[in-house]
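Written out below as structure tokens is the structure these notes cover.
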Amino acid sequence: MKLEAVHYLQQLGFGQAAIGTMVGVKRPNNQNASSERPNSLNDYTARHLERIIRKEPFQTVDQLSEELRLMDKPQAATTVRLWLKELGFNHYIPFLKSLLNNNQKERRLFWARKHVNWAYEQWKKVIWKNGSFLLDTDYIILHVKKESKSENEML
């Protein structure tokens with residue numbers, strides 16, 4: 001009976017996992033204790049790795065791998081990342097992209113060269129985008145915030 005149902009469901013285009021669920025056949029569990037690869041992160045290695053990280057938190061994965069190699073536990077970078085995750089640490093890949101593109105750099109340089117010889121009186125007339133401007137003294141920059149209009153002023 002099940003074999004006929006399986007054959008019929010296959011003809012209808014269902015996949016093996018869906019047919020198994022519909023018919024009530026469980027998938028075999030291939031994760032026996034004998035077939036699992038043992039975890040090479042033992043307590044000693046975990047404590048050592050945690051001590052290394054707490055001593056200098058901003059190390060690269062390659063540096064951590066080198067430390068493990070020195071204690072005769074050579075590991076790939078992927079394994080070290082998995083161990084970091086198991087130990088509750090996070091890792092990130094730093095952002096290497098330049099914050100300004102070449103066009104923006106050229107425009108800023110052009111602007112700076114154009115205004116390099118401005119007198120102090122000229123700079124006093126400038127209100128910057130953040131709302132600050134220069135006063136008569138060289139060391140004071142005053143920040144001005146726009147006040148929000150009340151409902152009565154808006155009407």
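Of the residues that sit in segment 83-129 and are assigned to a helix (DSSP H, G or I) and touching a residue at least 24 places away in the same chain (Cβ under 8 Å), which one is surrounded by the most Cβ atoms within 10 Å (Cβ to Cβ)?
Selected residue: TRP83.
Restricted to segment 3-28, and to residues there that are in contact (Cβ under 8 Å) with a residue 12 or more places away in the chain and assigned to a helix (DSSP H, G or I), the residue that is farthest from the chain's Cα centre (by Cα) is ALA5.
Laboratory data are not the source of any read-out in this text; all were calculated from the coordinates shown. Here the structure is a predicted model, which means the values were calculated and not measured. Cβ sites come from the backbone with ideal geometry, for glycine too, and all protein chains shown count toward neighbours.
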